[in-house]
Each structure stands twice: as structure tokens, then as C-alpha cells.
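Data first, discussion second: the structure below is written as C-alpha cells.
The numbers here are math on the coordinates, done by the rules we state, and not lab data. Since the model is a prediction, treat every value here as computed from it, not as a measurement. Note that each Cβ is placed from the backbone with ideal geometry, even for glycine, and that neighbours are counted across all protein chains shown.
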Ligand SMILES: [Zn+2]
């Protein structure tokens with residue numbers, strides 16, 4: 001995926017900085033894109049569901065067995081999150097349709 005405004009490649013690092021997989025901001029020229037990816041809603045719903053389950057599980061482990069056993073779970077969740085970020089990125093790069101969002105320039109986009 002290449003930014004249609006400045007021809008900068010949208011890298012994984014750019015992906016990582018996006019708050020949602022539905023909006024992208026070019027790391028170079030700050031152009032915003034609306035991203036439409038088929039199946040993304042389903043994917044995000046699954047991810048949210050998975051993390052709610054894991055968080056509940058982790059809280060249970062924490063209150064039953066203490067921090068010692070909760071830490072590996074937190075590490076696992078962070079590792080899983082990274083894997084999901086990589087998956088989301090390659091998914092969007094492959095299937096996502098980027099369309100620039102026209103907006104008024106404001107001083108907030110620094
Ligand atoms: Zn750009």
C-alpha cells in the first residue's frame with residue numbers, strides 16, 4: 001500500500017500507530033484515509049471477544065493465584081496482540097481499499 005498523496009509506503013509501523021484499522025493516517029504527509037476491508041468487522045469482533053475472554057481469565061487467575069501466574073498471561077496477551085497487529089496489517093495491505101478523507105486543515109493535526 002502506497003499513500004496516494006505523497007507516494008510513501010505505508011509500513012507495519014504506520015499500521016501499528018493507527019488507533020483503529022478503519023482509519024489510516026500517512027506517517028509522512030498526514031493524509032487521512034478511510035479503509036474498507038472486507039471481513040474486517042468480523043475479524044475485529046473476534047479479536048475483541050477473544051481479549052474480553054482473556055482479560056476475564058487473567059483477572060480470575062490473578063485473584064485466585066496471584067500476580068505470579070497472571071504475569072505470563074499478560075505477556076501472552078501482549079504477544080497475541082502483536083500477532084494480531086501483524087495479521088491485521090497484512091490483511092489490510094492485501095484486501096483494504098484506501099480512500100483519502102477530505103477534511104479542513106486544523107491545527108490539531110500536528
Ligand atoms: Zn502520504
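Things to note:
- Some residue of the stretch 87-99 being surrounded by fewer than 10 Cβ atoms within 10 Å (Cβ to Cβ), over 23 Å from residue 6 (Cβ atoms) and out of contact with any strand residue (DSSP E or B) (no Cβ under 9 Å at 6 or more places or on another chain): no
- The number of residues in the stretch 1-15 being free of Cβ contacts under 8 Å to residues at least 40 places away in the same chain, within 15 Å of residue 94 (Cα to Cα) and near the ligand (Cβ under 9 Å from one of its atoms) comes to 2.
- Subset of the stretch 16-44 (residues that are over 16 Å from residue 99 (Cβ atoms) and away from the ligand (no atom under 14 Å from the Cβ)): 16, 19, 39, 41, 42, 43, 44
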